[in-house]
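To start, the structure itself, in C-alpha cells.
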Amino acid sequence: MKLPLNSRIGVIGGGINGLSYAYFLGKLRPDVKITVLENLSRVGGYINTSHANEKTKEITKLDGRALKMEKGPRTLRGVSSGTLIIMDLFKKFGMLDQVRGITKESPANKKYLLTKSQGQIGEIKGNLVEVPSPGAGWSVIYKFLISPLGKVMMRGILNDLFFKNDGKSLDGMSVEEFFSRHFGKPMIHDIGSALMYGIYAADVAHLDVNCVMPSLVRMEKAHGSIVKAVLKSIFYYKPPPPDPYVKLYTEKIGNEFNLAELKTKLRDYPMITFKDGLSQLCEGLKNNMPSNVSVILGSSVDNISQREGKLAITAGKKKYEVDHIWSSVNTLQLAKMIDDRELIDVLQDFKYTSVCVCNVLIPKNAKDIKGFGFLVPKTHFHPEIKLMGVIFDSDIEEHSVPLWSDDKLSETGEHTRATLMISVRDGVHPTSSMLKMTVRETFSNILNGDALDAAVEHAIVTESIPLYDLDFITRGEKVLKLIKDKYDGKLQLGGMVFSPGVGVPDSVAGALQGAVQVSGV
C-alpha cells in the first residue's frame, strides 16, 4: 500500500521503534503529517537512562555520572545493520561526541558464566568462568577448556559431530530439545540456558528454536551436524550478500558516513555505549524530527476506530482522524485499543517476559573482578529469586573510549555501579529484603567484594520482551492476516514482536523497513 498524497499518520508509542518510523517516514514523505502519541512524559519506552533517587544520593554521597542508572538496555552490538544506521543518524544529528566503544581487548569486554561452588554460605553463590571472546588470549581459552563448563562444551561438540537425524519435525521444537539432541542436556542447561536468559529473559524450554535460532535449523536440514556446518562455512567461505537494511537506508534515506568503512571500524568495538546513556538515541530522534512530525507526550491512546475506510485515534479528550497507523506498542496494549473481538483474542495470545531491574551503587571499589558482567544458567537459579545475570555498569563506562572525539569522562568519586537482572514470572515480584540479600551475597560470594553500604533501587519492567514460544510463528502469521483483512493495510504492526529481533538496532531496522513499505518512494 502506498500512502495517498498529504496523508495523516498516527504513530502509537514513542519508544525507539515508533520514533524511528516517524523519522524515516517523515524524511521519505515530506507531504504527510505524522503525529507520535506517547503515553509517558518522556520518549524512549523501555530505553530509560535515569538518575539515582534522593535516598541513593544520601547513602552514597556521590554525584555526577556516578548517579547515571540505566533501567533498560544500555549498549548496542558493534557491527549490525541497525547499529550502522544509528551511527549515521548520530553523525547527522551532530551527536558523535556521545558515542563510545568497548574494544576487543578491553577489560569491559570480559564476560563470565556462573558455575557451582563448594563451601560458600548463603543462597546466591558460585564461581565465575570467563568465556573466551574475540581478542581473548590463549590463557583465557585454556582456563575455560579445563573448567567444568569447558569440559561440558567439548563433550557437546563431540556429541554433535556424530549427530544422526532422528526424523523429528523441527516445527515447534524448543531450543532445549534442539540443543539436547545435538549437544546433550548439560550443554544447554549449564551454558545455553544462561545465554538465552541473557537475550530473551526466558527459559530455553519455552523458546521456539525456529524463532530465535533459525540459522541452526537451516544447518541441521542441510548438514545434520551443527559443528560440521560451521566448519564448512569457514573453509568454504562465501561473502554474504549486501545487507538489505543498510542498502535500504543508503538508497532511500541517504548516508553521511561511508558505511563500508564504518563497518570495518566498528569491528574493533564489540559494544557501543553512550556518554550520557542510551536515552540519547531517543532524545536525538525527537529533537531532530522532520518538520512534518509532531511528538506528543503524556497522550494515552484509549481507542482505535474505523469507519467508512477512515481511522480515528482517541487519546483522552482528543480525537485524531488519520489515514494510516503504525503501532509500536506491544500486542497486549494494542488489544485494549481496538473493538474487534476476533483480533483482540489473537493479540492477547502473545506472551511477554517481565524483568526486575535492580540498580546498585556502592561508594567504593566493591569487587575485584572486571568485565561486562556474568550470566546465570537455569540450573543455578535460587527457587525464590531467579537472578539471570549482573551487568558491571561502572566497568563498562570506565573502560569505554570515545570513537570520534577527545572527550574524557568527567571526574567523579570512586564507586561501583552494577545492575542485577531478575526474572519475574507469574506476577510474583521479589521483596526489597530479598533483593538486598541477593545484592549482598552476589558481591560477597561471587564477586569477592562486599556491598554492605550499597544503595539499591529497583523497578519492574513489565511485558518487556516477547516470549518466542512454540506457537509464536503461527500466532504472528494469523494476526498479520487478520490485520490485512480488517484494515486493508492501513494499520501496520511494529514493536519488538514484528521487528527482525529484540535488540535496539533491530527495532530501528524494522521501523525503516515499515516506513519504506508504505512510502511508495
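The values are calculated or read from the model by the stated rules, or taken from the named source; none is laboratory data. This is a predicted model, so every value here is computed, not measured. Because the Cβ atoms are built from the backbone with ideal geometry, glycine has one as well, and the counts that use them run over all protein chains shown.
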(message) I'm told Thr250 meets every condition in (1) more than 26 Å from Gly135 (Cβ to Cβ); (2) in contact with an Asp or Glu (Cβ under 8 Å, 6 or more places away or on another chain); (3) polar (S, T, N, Q) except one. Can you identify the failing condition by its number?
(response) (2)
(request) Give the residues of the stretch 292-342 that are among the hydroxyl-bearing types (Ser, Thr, Tyr) and touching a residue at least 60 places away in the same chain (Cβ under 8 Å), sorted by residue number. (result) Ser294, Ser299, Ser300, Tyr320, Ser327, Ser328, Thr331
(message) For a quick check of your reading: which helices (runs of 4 or more DSSP H) sit entirely within the stretch 300-401 and have at least 1 residues that are touching a Pro at 6+ places or on another chain (Cβ under 9 Å)?
(response) 331-335, 393-398
(request) Determine the pairs where a residue that is surrounded by fewer than 19 Cβ atoms within 10 Å (Cβ to Cβ), located within the stretch 242-258, has a partner that is hydroxyl-bearing (Ser, Thr, Tyr) with Cβ atoms under 7 Å apart, the partner being 6 or more residues away or on another chain. (result) Asp243/Ser81; Asn255/Tyr249
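Each row is one residue, and each column tells you yes or no for (1) assigned by the TED database to the domain that holds Lys33; (2) closer than 21 Å to Ser50 by Cβ; (3) under 24 Å from the mean Cα position of the chain (by Cα); (4) not β-branched (Val, Ile, Thr).
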| site | (1), (2), (3), (4) |
| --- | --- |
| Asn287 | yes, yes, yes, yes |
| Val293 | yes, no, no, no |
| Ile296 | yes, no, no, no |
| Val301 | yes, no, no, no |
| Gly316 | yes, no, no, yes |
| Tyr320 | yes, no, no, yes |
| Asp323 | yes, no, no, yes |
| Trp326 | yes, no, yes, yes |
(message) Suppose the filter is at positive phi and charged (D, E, K, R); does Asp453 pass it?
(response) no
(request) Write out, first by first residue and then by second, each pair whose Cβ atoms fall under 8 Å of each other, whose residues are 6+ apart or on separate chains, and whose first residue, in the stretch 30-56, is under 16 Å from Gln333 (Cβ atoms) and touching a residue at least 60 places away in the same chain (Cβ under 8 Å) while the second is outside any loop (DSSP other than H, G, I, E, B) and among the aromatic types (Phe, Trp, Tyr). (result) Leu37/Tyr320
(message) Return the pair list, or none, for Cβ contacts closer than 6 Å from residues in the stretch 371-396 that are over 17 Å from Ile102 (Cβ atoms) to residues that are modelled with pLDDT under 95 and acidic (Asp, Glu), at least 6 apart or on different chains.
(response) His382/Glu123
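Do we find a residue being modelled with pLDDT under 95, in a loop (DSSP other than H, G, I, E, B) and of a type in the set (Lys, Arg) anywhere in the stretch 275-285?
no
Every residue, every condition in (1) outside the structural domain of Ile12 (by the TED database); (2) more than 29 Å from Asn127 (Cα to Cα), yes or no:
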{"site": "Ser405", "(1), (2)": "yes, yes"}
{"site": "Leu409", "(1), (2)": "yes, yes"}
{"site": "Ala451", "(1), (2)": "yes, no"}
{"site": "Ile473", "(1), (2)": "no, yes"}
{"site": "Tyr487", "(1), (2)": "no, yes"}
{"site": "Ala509", "(1), (2)": "no, yes"}
{"site": "Gly514", "(1), (2)": "no, yes"}
(message) Restricting to the stretch 195-228, count the residues that are under 20 Å from Glu176 (Cβ atoms) and more than 26 Å from the chain's Cα centre (by Cα).
(response) 5
